[in-house]
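Novice: The structure that follows is given in the form of structure tokens.
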Amino acid sequence: MMKADNAVITHSRSRHHIALHLAHRWFAFLEASVGNLDTHLAIFHPQVQLSGHRGNHVFARDHESLKAWFAAVPDVISSHHIVHASFADADNGDGLLSMVVAYQAPGDSGIHGSIISYETRIEFAAGGARFIALDKTPILANTRPEYETSWAANRVLARVYAELAGITGSDGQLRAVLGNDVRQLAVHATAPEASRAYEALVTCNAGNPAVGRAVHLTLSDDGEATLPTIERIVALDVDAGTASCR
């Protein structure tokens, strides 16, 4: 019974990682004027619905209208920090990812932003996971006066969650370093939007009982690729303050 329970937990954790992988790809694409739209559309169901204000306003109902929505989005630098996220399985096997996101965009008149509630539904199919529906509803003003970039962090998080879910086809080194049952994952990366090379500090708790882990990553990124490339992994010993390269 214990093995069966562990298998269920592992399966659910993997779906949660995949859902967050999609979310960070979605946000990074909105934050800089780089990225391949045709490739990006693969994370959306052909009849995806993008809505706002709890479904009262529909922005897109399929790929063609979603393309039109992307074309209408102002081509400006922006940031999206996921403040809170929760994942649940729907009765039909879909995934339900809810998020609270802090959005910012700098402009001539200063920083403007909002706190946005996102409700998404994700299909887990044989060909890969993809969004079926997304709703974004502003719930508060974001009055933080200083702009906090998130593009590099979202690119790294998309990569790390893909690694944890085992959907990158990589050698699994990063997954081995971070360990099993990863929780409370965080990334610190402050490189400007569309940077071609940057570094990131990845921290998390993993295992039961939970153990703190930290990894320093060096990455390259042409912005057009689905995910950045990890050039170097340095596992940091949280207790001893030492490092080992992978």
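Novice: State all residues of the range 106-129 that are assigned to a strand (DSSP E or B), of a type in the set (Gly, Ala, Ser) and either out of contact with any strand residue (DSSP E or B) (no Cβ under 8 Å at 6 or more places or on another chain) or within 17 Å of Val83 (Cβ to Cβ) (or both); if no residue qualifies, say none.
Specialist: Across the range 106-129, the qualifying residues are Gly107, Gly110, Gly113, Ser114, Ser117, Ala125, Gly128.
Novice: Restricted to the range 226-238, and to residues that are within 16 Å of the chain's Cα centre (by Cα) and open to solvent by less than 40 Å² (accessible area, probe 1.4 Å), which residue is nearest to Tyr198 (Cα to Cα)?
Specialist: So, considering only residues that are within 16 Å of the chain's Cα centre (by Cα) and open to solvent by less than 40 Å² (accessible area, probe 1.4 Å), the one nearest to Tyr198 (Cα to Cα) is Pro228.
Novice: Scanning the range 171-187 for residues that are in a loop (DSSP other than H, G, I, E, B) and touching a helix residue (DSSP H, G or I) at 6+ places or on another chain (Cβ under 9 Å), which turns out surrounded by the fewest Cβ atoms within 10 Å (Cβ to Cβ)?
Specialist: Filtering the range 171-187 for residues that are in a loop (DSSP other than H, G, I, E, B) and touching a helix residue (DSSP H, G or I) at 6+ places or on another chain (Cβ under 9 Å), the one surrounded by the fewest Cβ atoms within 10 Å (Cβ to Cβ) comes out as Gly172.
Novice: Does the range 36-68 hold any residues that are assigned to a helix (DSSP H, G or I) and of a type in the set (A, V, I, L, M, F, W, C), and which are they?
Specialist: Of everything in the range 36-68, those that are assigned to a helix (DSSP H, G or I) and of a type in the set (A, V, I, L, M, F, W, C) turn out to be Leu37, Leu41, Ala42, Ile43, Leu66, Ala68.
Novice: Tell me whether the range 47-68 contains one or more residues that are open to solvent by less than 20 Å² (accessible area, probe 1.4 Å), of a type outside the set (A, V, I, L, M), modelled with pLDDT of 95 or more and within 17 Å of the chain's Cα centre (by Cα).
Specialist: no
Novice: For the range 205-225, name all the residues that are part of a strand (DSSP E or B), closer than 26 Å to Leu30 by Cα and not small (Gly, Ala, Ser).
Specialist: His216, Leu217, Thr218, Leu219
Novice: Kindly indicate whether Ala162 is open to solvent by less than 50 Å² (accessible area, probe 1.4 Å), in contact with a Ser or Thr (Cβ under 7 Å, 6 or more places away or on another chain) and assigned to a strand (DSSP E or B).
Specialist: Against the criterion (open to solvent by less than 50 Å² (accessible area, probe 1.4 Å), in contact with a Ser or Thr (Cβ under 7 Å, 6 or more places away or on another chain) and assigned to a strand (DSSP E or B)), Ala162 does not qualify.
Novice: Next up: Can you confirm whether Thr190 is β-branched (Val, Ile, Thr) and in a loop (DSSP other than H, G, I, E, B)?
Specialist: Here the answer is yes, as Thr190 does meet what is asked.
The values are calculated or read from the model by the stated rules, or taken from the named source; none is laboratory data. Just so it is clear, the model here is predicted, and its values are computed rather than measured. No Cβ is skipped: glycine too gets one built from the backbone with ideal geometry, and neighbour counts run over all protein chains shown. These area figures cover heavy atoms from the full protein model, side chains too; ligands, DNA and RNA do not enter into them. Shrake-Rupley method; radii C 1.70, N 1.55, O 1.52, S 1.80 Å.
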